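The values are calculated or read from the model by the stated rules, or taken from the named source; none is laboratory data. Please read all numbers here as calculations on a predicted model, not as lab measurements. For neighbour counting, all protein chains shown are included, and Cβ atoms are generated from backbone atoms with ideal geometry for every residue, glycine included.
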Amino acid sequence: MSNEEKEQKFQEQIDSNGHIEPKDFMPEGYRNNLIRQISQHAHSEVIGMQPEANWITRAPSLRSKQILLAKIQDEGGHGLYLYSAAETLGISREEMIEQLHAGKAKYSNIFNYPTLNWADIGAIGWLVDGAAIVNQVSLQRTSFGPYSRAMVRICKEESFHQRQGYEIMAKMMAGTKDQQAMAQDAMNRWWWPALMMFGPHDTDSPHSKDAMKWRIKRETNDELRQKFIDKTIPQAELIGLTVPDADLKLDKKTGRYAYGKINWEEFHRVIKGDGPCNKQRISHHIKTHEKGEWVREAAQAYKQKKVKKEQVLTA
Ligand code: 3HC
């Protein structure tokens with residue numbers, strides 16, 4: 001088949017809602033877009049463990065410590081599924097980590113903000129994982145097989161993440177005046193960066209046109225952002241939290257909220273590396289990656305020994 005015929009067959013597979021598997025023909029642009037998005041998704045999961053880990057030793061009860069430990073462990077696992085999905089496209093784990101350490105690969109803006117108190121752990125679970133769920137439920141229908149299957153698995157765990165965060169916020173809003181003030185302050189600090197998680201407006205999103213044509217994305221950045229806003233505002237109002245947006249306006253007919261302007265200058269500053277915690281997040285990742293060298297060497301040695309043993313047995 002000529003390249004044109006292969007590309008046509010590929011697009012027909014996409015248009016018929018079929019999965020593209022690693023061994024199938026795919027245009028380089030499709031492969032590169034997926035390597036970029038999936039590796040950055042994986043980086044986000046792993047870097048996202050840091051702000052929450054900050055509160056493991058200071059969780060207010062044994063139960064809340066257990067829940068937080070379980071959630072953080074889940075995030076590490078999500079990162080592994082996603083790195084593995086990206087590896088099926090021909091990039092190695094080492095290359096992806098090198099890109100992250102060299103600042104050549106991004107991770108989600110949201111993880112560059114500090115977690116100042118326990119209410120932030122509630123806001124992250126409720127808002128950040130809540131936003132991730134909206135995005136990842138949609139990505140379950142992505143055209144690349146390994147990514148879609150990883151999303152199905154990850155979404156099963158995300159709802160627990162969102163519910164435990166909302167429970168923390170609900171408890172604090174039912175608590176003392178100080179706890180209510182802490183929860184509201186966390187809402188004020190995390191609301192807008194959570195909206196930025198969905199990426200720039202569709203008109204400013206350089207990757208969306210191809211991503212929608214190739215069904216890597218099934219809904220656009222703005223469509224998913226709107227879904228998140230419409231479902232989260234009633235949750236905030238239910239527990240007495242105020243959404244920090246004076247321009248919010250509910251259209252009763254559609255159930256959609258008009259919202260205020262997002263500060264894209266802050267978004268671009270943060271994703272360029274100049275957020276409150278960017279340097280700390282990367283230096284911590286580099287330090288722990290170097291410290292973990294011996295684990296990777298041991299696993300490699302074990303694998304080689306196992307392969308050698310199988311070769312002897314089958315010789
Ligand atoms: N943070 C950092 N960079 C972002 C971003 C964000 N929130 N949103 C967009 N960008 C970057 C893009 O990576 C791209 O830069 P690049 O060319 O260097 O990669 C640029 O801004 C233009 O954005 P586009 O909209 O054109 O890019 P995409 O088509 O990739 O759309 C996206 C952005 C919607 C985030 C898409 O990549 C996506 O859906 N990714 C998968 C989901 C994901 O990564 N989520 C991160 C959070 S994971 C998480 O929350 C874990 C939870 O369990 C806690």
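In region 1-30, what count of residues is obtained for those that are crowded, with 16+ Cβ neighbours inside 10 Å and in contact with a Gly (Cβ under 7 Å, 6 or more places away or on another chain)?
Residues in region 1-30 being crowded, with 16+ Cβ neighbours inside 10 Å and in contact with a Gly (Cβ under 7 Å, 6 or more places away or on another chain): 2 in total.
Of Ile56, Ile97, Ile35, which residue is among the aliphatic types (A, V, I, L, M) and either within 22 Å of Leu139 (Cβ to Cβ) or within 14 Å of the ligand (Cβ to nearest atom) (or both)? Walk me through how you get there before you give the answer.
Numbers: Ile56 fails: either within 22 Å of Leu139 (Cβ to Cβ) or within 14 Å of the ligand (Cβ to nearest atom) (or both); Ile97 fails: either within 22 Å of Leu139 (Cβ to Cβ) or within 14 Å of the ligand (Cβ to nearest atom) (or both).
Matching residue, one of Ile56, Ile97, Ile35: Ile35.
Return the residue satisfying two criteria in turn: it lies in region 132-158 and is more than 11 Å from the ligand (Cβ to nearest atom) and polar (S, T, N, Q), and of such residues it is farthest from Arg31 (Cα to Cα).
If we take residues in region 132-158 being more than 11 Å from the ligand (Cβ to nearest atom) and polar (S, T, N, Q), then Gln140 is farthest from Arg31 (Cα to Cα).
Does Ile168 count as β-branched (Val, Ile, Thr) and within 25 Å of Pro244 (Cα to Cα)?
Numbers: β-branched (Val, Ile, Thr): yes; within 25 Å of Pro244 (Cα to Cα): yes.
Answer is yes for this residue.
Of the residues Lys217, Lys253, Lys287, which is in a helix (DSSP H, G or I) and basic (Lys, Arg)?
On the way: Lys217 fails: in a helix (DSSP H, G or I); Lys253 fails: in a helix (DSSP H, G or I).
Answer to the check: Lys287.
Please verify whether region 237-244 includes one or more residues that are assigned to a helix (DSSP H, G or I) and within 16 Å of the ligand (Cβ to nearest atom). Outline the logic, then answer.
Narrowing region 237-244 to residues assigned to a helix (DSSP H, G or I): 237-238.
Going one step further and asking which of them are within 16 Å of the ligand (Cβ to nearest atom), we end up with none.
Among the residues of region 237-244, not one is assigned to a helix (DSSP H, G or I) and within 16 Å of the ligand (Cβ to nearest atom), which makes the answer no.
Output the residue which, of all residues in region 248-268 that are within 13 Å of the ligand (Cβ to nearest atom) and loosely packed, with under 15 Cβ neighbours inside 10 Å, is nearest to Leu100 (Cα to Cα). Break it down stepwise before answering.
So the first thing to find is which residues in region 248-268 are within 13 Å of the ligand (Cβ to nearest atom), and the list is 262, 264, 266-268.
With loosely packed, with under 15 Cβ neighbours inside 10 Å added as a condition, the list becomes 264, 268.
Numbers: Trp264: 23, His268: 17 Å.
The residue in question is His268.
Can you tell me which condition Ser84 does not meet? The list is (1) of a type in the set (Gly, Ala, Ser); (2) within 19 Å of the chain's Cα centre (by Cα); (3) surrounded by fewer than 20 Cβ atoms within 10 Å (Cβ to Cβ); (4) within 13 Å of the ligand (Cβ to nearest atom), and all the others hold.
Just one mismatch for Ser84, condition (4).
Only residues that are more than 12 Å from the ligand (Cβ to nearest atom), surrounded by fewer than 23 Cβ atoms within 10 Å (Cβ to Cβ) and among the aliphatic types (A, V, I, L, M): list them for region 101-131, please.
Ala102, Leu116
Looking at region 71-96, I want the residues that are hydroxyl-bearing (Ser, Thr, Tyr) and have a partner that is outside any helix (DSSP H, G or I) with Cβ atoms under 7 Å, at least 6 apart or on another chain. Which pairs are those?
As it stands, the answer is Thr88/Pro22, since those pairs meet every condition given.
May I ask you to verify whether Glu75 is more than 12 Å from the ligand (Cβ to nearest atom) and acidic (Asp, Glu)? So that I can check it myself, show each step before the final result.
Details: more than 12 Å from the ligand (Cβ to nearest atom): no; acidic (Asp, Glu): yes.
No.
For region 177-194, does any single residue satisfy the condition of being touching a helix residue (DSSP H, G or I) at 6+ places or on another chain (Cβ under 6 Å) and part of a loop (DSSP other than H, G, I, E, B)?
No; the residues of region 177-194 include none that is touching a helix residue (DSSP H, G or I) at 6+ places or on another chain (Cβ under 6 Å) and part of a loop (DSSP other than H, G, I, E, B).
What single numbered condition from (1) near the ligand (Cβ under 9 Å from one of its atoms); (2) touching a helix residue (DSSP H, G or I) at 6+ places or on another chain (Cβ under 7 Å) fails to hold for Pro206?
(2) is the only condition that Pro206 fails.
Only one of (1) at pLDDT 95 or above; (2) farther than 11 Å from Leu89 by Cβ fails for Pro22. Which number is that?
(2)
Need the failing condition index for Ile91 against (1) within 12 Å of the ligand (Cβ to nearest atom); (2) surrounded by fewer than 20 Cβ atoms within 10 Å (Cβ to Cβ); (3) of a type outside the set (Lys, Arg); (4) in a loop (DSSP other than H, G, I, E, B), just the number.
(1)
Which of the residues spanning region 37-60 are farther than 20 Å from Asp129 by Cβ and without any contact (Cβ under 8 Å) to a residue 40 or more places away in the chain?
Scanning region 37-60 gives a single hit, Thr57.
Scan region 145-160 residue by residue and report those that are among the aromatic types (Phe, Trp, Tyr) and surrounded by fewer than 16 Cβ atoms within 10 Å (Cβ to Cβ).
Correct list: Phe160 only.
Tell me yes or no: at least one residue of region 220-229 is within 16 Å of the ligand (Cβ to nearest atom), among the hydroxyl-bearing types (Ser, Thr, Tyr), part of a helix (DSSP H, G or I) and at pLDDT 95 or above. Give the steps one after another, and end with the answer.
Going residue by residue through region 220-229, those that are within 16 Å of the ligand (Cβ to nearest atom) are 220-229.
Filter once more, so that each one left must be among the hydroxyl-bearing types (Ser, Thr, Tyr): 220.
This time we only want the ones that are part of a helix (DSSP H, G or I), so: none.
Scanning region 220-229, I find no residue that is within 16 Å of the ligand (Cβ to nearest atom), among the hydroxyl-bearing types (Ser, Thr, Tyr), part of a helix (DSSP H, G or I) and at pLDDT 95 or above, so the answer is no.
Could you please tell me which pairs satisfy a Cβ distance under 6 Å, a separation of 6+ or placement on different chains, a first residue in region 264-287 that is of a type in the set (A, V, I, L, M), and a second residue that is more than 13 Å from the ligand (Cβ to nearest atom)?
Ile286/His101
Scanning region 188-244 for residues that are among the hydrophobic types (A, V, I, L, M, F, W, C) and touching a Ser or Thr at 6+ places or on another chain (Cβ under 7 Å), which turns out nearest to Gln40 (Cα to Cα)?
Within region 188-244, the subset among the hydrophobic types (A, V, I, L, M, F, W, C) is 190-192, 194-198, 211-212, 214, 216, 224, 228-229, 233, 236, 238-239, 241, 243.
Within this subset, residues satisfying the condition of being touching a Ser or Thr at 6+ places or on another chain (Cβ under 7 Å) are 197, 212, 214, 216, 224.
Numbers: Met197: 12, Met212: 18, Trp214: 19, Ile216: 14, Leu224: 18 Å.
Out of the qualifying residues, it is Met197.
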